[in-house]
Amino acid sequence: MNKSDSKLDGRPGSKPDDKSNGALSLPKPPGNPPESASRKREGGAGGSRGTGGPGGLAGFWPRLASLTRKEIRQLLRDPGSLAIGIGLPLVLILIFGFGLSLDVRNAPVAVVLEDPSPMAVDVIAGLELSPYISPVVVISMHDTERLMLERKVDAIVRVPSDFSRNLAAGDARLQVLVHGTEASRALIIRSYLNLALSQWTQRQAERGRMAEPAAAAASRTGMVVPVERMWFNAANTSTWYLVPGLIVLIMTLVGAFLTAMVMAREWERGTLEALFVSPVRPNEILLAKIIPYFLMGMLGLGMCLVAAQFLFEVPMYGSLLILLGSSMLYLLVALGIGLLISSVTRNQFLASQVALLSSFMPALMLSGFMFDLRNVPVVIQWIGKALPATYFMELIRTLYLAGNVWPLIFKNCAILATYAISLLALARLVTRKRLD
Amino acid sequence: MLDFLRRIASLCRKELLAIFKDPANRVILIVPSLVESFLFGYAATYDLTNVPYALLDQSGGIHAAELVARLDGSGVFHRAATLRTQKEIADVIDAGKALVVVQIGQRFEQQLNEGGMAPVQLILDARNSNTAGSAAAYIGGIIEGYNATLQSGAAPPLPQITVESRAWYNPNLETRWNLLPGLIASLSMIQTLMLSALSVARERENGTFDQLLVTPFSPMEVMIGKAIPSIMIGLTQSTIVMMVALFWFRIPMAGSLVTLYTGLTLFTVASVGLGLSISAVSANMQQAMLYTFMLIMPLILLSGLATPVRNMPEFLQIATLINPLRFAIDLVQRVYLEGVGLLTVIHDLIPLLIISAITLPLAAWLFRHRLL
Amino acid sequence: MGETMNEAAALVASAVHKRFLAKETGKIIHAVTDVSLRLSSGTLTALVGPDGAGKTTLLRMTAGLLKVDEGQLEVLGIDVALDPQTIQDRIGYMPQRFGLYEDLSVQENLDLYADLHGVPASARAARYARLLQMTGLASFTRRPAGKLSGGMKQKLGLACTLVRSPELLLLDEPTVGVDPLSRRELWDIVQQMIDEEHLTVLVTTAFLGEAEHCAHVFVLHEGKVLAEGTPEEIRQRARGLCFDAVPPPGQPPRILQSRLFDDARSIIDAVPHGGVVHFVRQPAADQRHLDALLESTPVTEVEARLEDGFMVLLRKQQDMDRPAAHAESGTRERTEKMERVKGTQGTAGPERMAAEDEPEGREKVDEVVIEVRDLVRRFGDFTAVDHVSFSVRRGEIFGLLGPNGAGKTTTFRMLCGLLPASGGFLQVAGVNLLRARAAARRKIGYVSQRFSLYSDLSVMENLEFFGSAYGLHGSRLRERIAIVMQQFDLQGREKSPSGQLPGGFKQRLAMAVGLLHEPEILFLDEPTSGTDPMKRREFWRRITALSEVGTTIVITTHFMEEAEYCDRIVIQDAGKLLALGTPREVRVQAGGEGNHLDMEEAFIGIVERARRTPAETPRREAVR
């Protein structure tokens, strides 16, 4: 009874604060030094109790700071998280930068010269000029087939024995055999071969034209020559589009995968139960998770930027500022996904599987990172277009290779912001201080 | 011997029951590999199917119209925009509306009629250099064809070379044909590695591993009892992906099933050995999961699934020698598409054997000697 | 001034109801039904009851962690359903598994909770000093929480909830898995806080001895409040029914205890205590029958304890729940069950039965089955087991006791062959288990502290698997399974996934698995941790029955009363062996001639004396 009295005596007016979340009062928090024990018995104890203080907004910053500090400490002390957050991005940068290349350079091609006439040699001389092909002249077709089986060569160009005879007659045939197992590579090699071989006709036509009288030349139709100009990727290397795309992968990895696992671990280990029964608000728990992993994601971004700039020398035409800004937006999206997954699964194994299947794999497969979305069936295009990663991928490649294309920047940033807001709101909605 | 087999059988039965009684496991073991094989089958393509292009025809002549008609009729290119001025090019490319702008100059008609060279400008968006390169090559092919028609009417005829190209093992050069056989090995590896890596860690976390260690089972028996179910599941998953490739995507199988399964079994044994070793060194499930994940990414990226091993720099090519998936993908593609026999792929089988021979005994040894 | 009634009561529950949906079975479980209670401020109140009585659910609802399905729950005058956050701002709550951040140090954990509760920096130094001194953690502030022993973790958890003085403190089984020493320290802290800061505390516990200190006790049973009152009022229910019987010299008390306990019609409860057998008779028991049962052992009437009152209450409830006929046959049922254990267990059974209590039998039994000499185990530079020697004879019940982190689990794991020794000699059933193969391990059974069978597998599948692990198959396997199923009352549960069995069933299944292959030695690691008195009695009755048929039993426990069932015990602390002998000898060693000390007091005495005396090494707790 004494206490209830003291509550009123000790701190009049503290009650209303309590209900209104005590934003006004900077309360005297209730931790009492032992020397105050006697005072408390006379009412001091009640004095510090009952204030809405520790739970109010006034406590927001200190609580958030403390939780964030805890989170960062845990992160720094957990080798597994560091491995995923820093080690794996490094490995990925190196692999994608050095290891993965779709470009064809110096593909070995066997030339079976069954007709060693000067005309035939002249024809295949075109192959030597191509930087993409390195021809090897072989005599017997039989040996060549074996080379092909062993994948020593990617293709065979066969010049049949009647080639020059037929050519003189006006129509000769050349055979090109490509090893089709690696389809994309084969496709490229085939078109290079076709180009190199057909150039002979062009050269021939040109020679002919020079020899012919002008009148005769005028009577014939000319030839169409394609002149290619590769915009945004003058070097035409896949590194230029893989490395910027890697930023998306790494952000997804840290934001969604790692965060989902770390948050699920708290559910699994029961550390949240004690935390819940304290003045902590769900917002603070979520924010404290977001901040360190946000920083870690930015660190990954930094590594990518540095590697792209200095290691792989990918040019950046757009604004770095916009790149940073949009990366932050996407990181928030990824964090939202990660937090959402962990709050729903509350189990590390499940969370990691779901995060992998719903964010990382799609970011790898369906965002246009490796495979161009324009080439896939409509249904898969739709799925791709529903993914936030797709928009970030497009944006980041544009910023890197094309420059500040404002309509695209505005559109994609708006989409990413919408995703970020709704996913984080959803994560907040499912994170309640409840066990059931 | 009979006793030994009976004990192994009982361990396997327990393992399979424990795996499949968990509804989450049932879903995780079947659904992802099915979904992924469909998704990859459709999405992972470097083939051009639908390329938006923009036309800037400044000549307005008949030849230009003929050429454009060929482009439009290719089924691959569709016109997203028709431009009037040079300035518009940047807009359509920047915004990604067109992958390529075909610019036909004012003098195009004249040049052709004079019998000269008539350049056509192809401005390509090479943010994805791969698609850009393919598109350029494709257009080059179309122009080539057009040139041939132009010349055929001419007298006297210029000598013509017809290039007959044929692709071995993949006549239409579809990316899918090389990817799906690769997936037969890689999708199942993800799962078997994860499954075997978690198997001991999970038992350790649940305390059942202690219960198992006080029984008369020897570490070797425990290891075999863990390995066989994982191998069975891995092979089942390979089979699922193979069915999808064979019956849904209708990629014909050139080789023999016996050869294929011999290779696959060896590969699965090797990856289970890898998984069990991870399992034995990790203290809990979280660690096992992180280690596996750390391992899977490089294994898949450096396997030749996405990009050819030969395109990698020398040091990475050497690093792939310890990657079982590298050998398995080569093996499956060869057997499936090329139809080779066991002897031809012996250079794939031997490394797999070596990897298994190292990882499996290592795992068995670690079971007993890492008991904290 | 008298504000409202609610202000005075820290907690008011009116007709609170909580349901859960069991996902696997789709059945609705009524965890808490129609509970009304009232907790006045400034008091220490206990919620006691058997497992699954709804204690934790009630606590979680109070903390706002679970939704109240029906009824009203007011904490500090606030409806939990309306404003859980305000309540959470003001109360303290220590869940059963306190979520310490194991990567963070002791100090960092404290700081975190102080920050969260908004304790001002100025108040911290003094508060920390006091908490660290009370918990004895002062010299470990930089150690990561994950590397503390179980008892220390619990104390740190309590310190974290006490970084400021909460208006209501909820403690959920704070002493489960905690040794008597740490347990006493925990209670001292709570008591001190109540005295000095007028804390209101609600604690759940399965330790009735602990509830004795409380001002008020609620007995929960199957989600309902069975009784409430001061401990004295609960004790009253057993008044005049409690007696101590002195067993014949040279005979372990458990023999008399089990005889009494088996007779459910006349005896409500019987338990060995301080060398005698403490029992509660049925009020309606036939005196002549009782006398016959006691066989002229000297009996004195004693004060009732809280536990006695609790047992009386529960027995009454059970008899009411069960059909009358069932209750009648209670006696026979209990004895029959034990007979079955005897009849079916082990080949040694019949001859041992015949030899019971006879000197010649004793001789045969003197054979040593476990021999430990100078056993050492080091983890890095930390010595967990330090030159320990003892031996266990065939048919003995052998207890390993010691505070958390004293090295008893390490010793235990080495005995089972789960951990190699760093030095010394170790022989179990004639062989070194770690080196010896299958044959040796076939001779032991193992029941671990946690339920460690495959929880996704059904009861039958677990039995089949472990049976075949021991080389049983075909008809022999089926036969053994049938026997243990009957022995441990598992019939009808064959198909249930074992992970979903109620706690008691799980433990019986674990025992059944451990005994499937009729081992010579059964190892039990803290089998009774966190279980209620009723279940502990039943468990021990099975153990004593097993020992009657010649199975050697090695057991670790935190319940000191349970040491009284043992033939001999060892007490270990800081890796060293402090005492070895019969419970009586150990009590004598602790300084209590005769029966003045109970086992818990003896234990604390011995450990504290050892820690006080040659203090050459500072007190070390296990780092694993």
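Applying the criterion of at least 2 residues that are more than 8 Å from chain A (Cβ to nearest Cβ) and of a type in the set (V, I, T) to the helices (runs of 4 or more DSSP H) found wholly in the range C:15-131 leaves C:55-62.
Of all positions in the range A:379-392, at least one carries a residue that is at pLDDT below 95, polar (S, T, N, Q) and within 15 Å of A:S326 (Cβ to Cβ). Meeting the requirement of 1 or more residues that are more than 47 Å from the chain's Cα centre (by Cα), the helices (runs of 4 or more DSSP H) wholly within the range A:103-203 are A:118-129, A:163-169. The condition (being open to solvent by 10 Å² or more (accessible area, probe 1.4 Å), more than 30 Å from A:L301 (Cα to Cα) and touching a strand residue (DSSP E or B) at 6+ places or on another chain (Cβ under 8 Å)) is satisfied by just one residue among A:E128, A:E150: A:E128.
Scanning the range A:270-300 for residues that are at the interface with another protein chain (Cβ under 10 Å from one of its Cβ atoms) and of a type in the set (S, T, N, Q) yields a count of 2. For C:D188, are the conditions met, namely being of a type in the set (D, E), surrounded by fewer than 23 Cβ atoms within 10 Å (Cβ to Cβ) and in the same structural domain as C:G52 (by TED's automatic domain parsing)? Answer is yes for this residue. Taken over the range C:464-508, the criterion of being part of a loop (DSSP other than H, G, I, E, B) and within 18 Å of B:P216 (Cβ to Cβ) is satisfied by C:Y470, C:G471, C:L472, C:H473.
Where strands (runs of 3 or more DSSP E) sit wholly within the range C:539-597, those with at least 3 residues that are farther than 19 Å from C:L522 by Cβ occupy C:568-573, C:576-581.
Residues of the range C:132-161 that are more than 11 Å from C:V106 (Cα to Cα) and outside any helix (DSSP H, G or I): C:G136, C:S149.
Among the candidates C:D489, C:D567, the residue that is on the phi > 0 side of the Ramachandran plot and either among the aromatic types (F, W, Y) or over 19 Å from the mean Cα position of the chain (by Cα) (or both) is uniquely C:D489.
Total residues in the range A:338-353 satisfying the condition of being open to solvent by 30 Å² or more (accessible area, probe 1.4 Å) and away from chain B (no Cβ under 14 Å): the figure is 1. For the range A:233-284, residues that are more than 30 Å from B:N206 (Cα to Cα) and either free of Cβ contacts under 8 Å to residues at least 12 places away in the same chain or part of a loop (DSSP other than H, G, I, E, B) (or both) total 10. Kindly evaluate B:L112 against the criterion of being part of a loop (DSSP other than H, G, I, E, B), facing chain A (nearest Cβ under 9 Å) and either crowded, with 19+ Cβ neighbours inside 10 Å or modelled with pLDDT under 90 (or both). No. Taking the conditions (1) open to solvent by 10 Å² or more (accessible area, probe 1.4 Å); (2) within 14 Å of chain C (Cβ to nearest Cβ) in turn, B:M194 satisfies each one other than (2). Only residues that are more than 10 Å from chain B (Cβ to nearest Cβ) and either more than 13 Å from C:A512 (Cα to Cα) or touching a strand residue (DSSP E or B) at 6+ places or on another chain (Cβ under 9 Å) (or both): list them for the range C:480-500, please. If the condition is that a residue be more than 10 Å from chain B (Cβ to nearest Cβ) and either more than 13 Å from C:A512 (Cα to Cα) or touching a strand residue (DSSP E or B) at 6+ places or on another chain (Cβ under 9 Å) (or both), then C:G492, C:R493, C:E494, C:K495, C:S496, C:S498, C:Q500 are the ones that fit.
For the range A:255-273, the set of residues classified as surrounded by 23 or more Cβ atoms within 10 Å (Cβ to Cβ) and hydrophobic (A, V, I, L, M, F, W, C) consists of A:A256, A:F257, A:L258, A:A260, A:M261, A:V262, A:M263, A:A264, listed by residue number. Kindly provide the set of residues from the range B:294-308 that are of a type outside the set (G, A, S), within 16 Å of the chain's Cα centre (by Cα) and facing another protein chain (nearest Cβ under 9 Å), ordered by number. Within the range B:294-308, B:M297, B:P298, B:L301, B:L302, B:T307, B:P308 meet the criteria. Of the residues making up the range C:167-178, none is part of a helix (DSSP H, G or I), open to solvent by less than 30 Å² (accessible area, probe 1.4 Å), without any contact (Cβ under 8 Å) to a residue 60 or more places away in the chain and more than 12 Å from chain A (Cβ to nearest Cβ). For the range B:78-90, the criterion of a residue being within 31 Å of the chain's Cα centre (by Cα), buried (at least 18 other Cβ atoms within 10 Å of the Cβ) and touching a residue at least 12 places away in the same chain (Cβ under 8 Å) is satisfied by no position.
In this structure, C:G591 qualifies as on the phi > 0 side of the Ramachandran plot, open to solvent by 10 Å² or more (accessible area, probe 1.4 Å) and without any contact (Cβ under 8 Å) to a residue 24 or more places away in the chain.
For (1) more than 19 Å from C:W540 (Cα to Cα); (2) at pLDDT 85 or above; (3) surrounded by 15 or more Cβ atoms within 10 Å (Cβ to Cβ), each residue gets a yes or a no:
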| site | (1), (2), (3) |
| --- | --- |
| C:V271 | no, yes, yes |
| C:V277 | no, yes, yes |
| C:Q282 | yes, yes, yes |
| C:A304 | yes, yes, yes |
| C:E328 | yes, no, no |
| C:T335 | no, no, yes |
| C:V341 | no, no, yes |
| C:Q345 | no, no, yes |
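Taking the condition of being open to solvent by less than 60 Å² (accessible area, probe 1.4 Å) and β-branched (V, I, T), how many residues in the range C:234-249 meet it? Residues flagged as open to solvent by less than 60 Å² (accessible area, probe 1.4 Å) and β-branched (V, I, T) within the range C:234-249 amount to 1.
Being within 26 Å of B:M1 (Cα to Cα), surrounded by fewer than 18 Cβ atoms within 10 Å (Cβ to Cβ) and either assigned by TED's automatic domain parsing to the domain that holds C:T409 or of a type in the set (A, V, I, L, M) (or both) is a property that holds for C:A439.
Have a look at C:L208, C:L220, C:L290, C:L202 and point out the one that is touching a Ser or Thr at 6+ places or on another chain (Cβ under 6 Å), in contact (Cβ under 8 Å) with a residue 12 or more places away in the chain and assigned by TED's automatic domain parsing to the domain that holds C:P180. On inspection, the qualifying residue turns out to be C:L202.
The values are calculated or read from the model by the stated rules, or taken from the named source; none is laboratory data. For clarity, every value in this text was computed on a predicted model and none was experimentally measured. All Cβ positions, even for glycine, are placed from backbone atoms using ideal geometry, and neighbour counts span all protein chains on display. Only protein heavy atoms, including side chains, enter the accessible area calculation; ligands, DNA and RNA are left aside. Shrake-Rupley method; radii C 1.70, N 1.55, O 1.52, S 1.80 Å.
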